[in-house]
1. Looking only at region 36-66, count how many residues are touching a strand residue (DSSP E or B) at 6+ places or on another chain (Cβ under 7 Å) and either on the phi > 0 side of the Ramachandran plot or part of a helix (DSSP H, G or I) (or both).
2. Given the criteria surrounded by fewer than 22 Cβ atoms within 10 Å (Cβ to Cβ), modelled with pLDDT of 90 or more and hydroxyl-bearing (S, T, Y), does T69 qualify?
3. Only one residue in S127, S106, S85 is in a helix (DSSP H, G or I) and either modelled with pLDDT of 90 or more or small (G, A, S) (or both). Which one?
4. Quick test of your reading of the structure: W162 fulfils all but one of (1) modelled with pLDDT of 95 or more; (2) outside any loop (DSSP other than H, G, I, E, B); (3) surrounded by 15 or more Cβ atoms within 10 Å (Cβ to Cβ). Name the failing condition by number.
5. Quick test for you: out of P63, P33, P40, P59, pick the one residue that is surrounded by fewer than 17 Cβ atoms within 10 Å (Cβ to Cβ) and in contact with a Leu (Cβ under 9 Å, 6 or more places away or on another chain).
6. Given the options G179, G168, G118, G137, name the one that is of a type outside the set (K, R), under 14 Å from K72 (Cα atoms) and either in a loop (DSSP other than H, G, I, E, B) or in contact with a strand residue (DSSP E or B) (Cβ under 6 Å, 6 or more places away or on another chain) (or both).
7. Of all residues in region 14-25 being crowded, with 16+ Cβ neighbours inside 10 Å and in contact with a Ser or Thr (Cβ under 8 Å, 6 or more places away or on another chain), which is nearest to A185 (Cα to Cα)?
8. Are there any pairs with C-beta distances below 8 angstrom linking a residue in region 73-99 that is within 14 Å of F115 (Cβ to Cβ) and small (G, A, S) to a residue that is at pLDDT below 85 and not in a loop (DSSP other than H, G, I, E, B), with the two at least 6 apart or on different chains, and if so which?
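The values are calculated or read from the model by the stated rules, or taken from the named source; none is laboratory data. What you see is a predicted model, and the numbers here were worked out from it, not measured in a lab. Glycine also receives a Cβ, built like all others from the backbone with ideal geometry; neighbour counts cover every protein chain displayed.
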Amino acid sequence: MSFVFDTFYSTVKVDPSVDLTDKTLVVVNAPNPFLFMGLPALRAYWKEPLPERTRLLAPGFGPLKITRTADKTLLVEAQTGNILSTDTSRKDFAPNFAYFYNHFNSLFRPKDLPFKAGEKTELSDMSAEVMSVDADGQPIKVRFDFDVPLNNPSLRWLQWNWKGSGFGSYSIFKIPPVGETSLTAGPFGET
């Protein structure tokens, strides 16, 4: 059991040297979005500073293309399938925690409530608009508009880096210049 818990906790374990005090933590590809609901309690337990807020742009279930289209805007696009699911049709199936984490998605939005292109969610400091969906109504491309420039010091950007079987760690996500793109790998290494 400790192996399972250690693996789960690693998906929200941010390097304590990353200053999050009074900052917005932005994770571009969280491997286990469900567990982030417990981030405040876990960071308090670990005696680590709490971010002012946390924003998860997409699950880390597949490779993503992340393009900065304006000073305050990112466009996140799935490179395989859709943003919210792990490819379960793989012929080289190997045990990977990504398959397990993927099952928690139904806790946020049931499959019988599909997304629609143009659907927009407004938060206090940013908005997310679904730009395109697949045949099942799952988002393929989402635009994120922030209230401040993406390189504003109030934002702390991280990305998840997969390592075999669903293990990994966070690193700083380098915001691309306007008009340029960054890629994140999925759990199986593809970009």
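1. 2
2. The answer is yes for T69.
3. Within the list S127, S106, S85, the selection yields S106.
4. (1)
5. Checking each option against the conditions leaves just P40.
6. One residue alone meets the criteria, G179.
7. The residue in question is L25.
8. As it stands, the answer is S85/N102; S85/N105, since those pairs meet every condition given.
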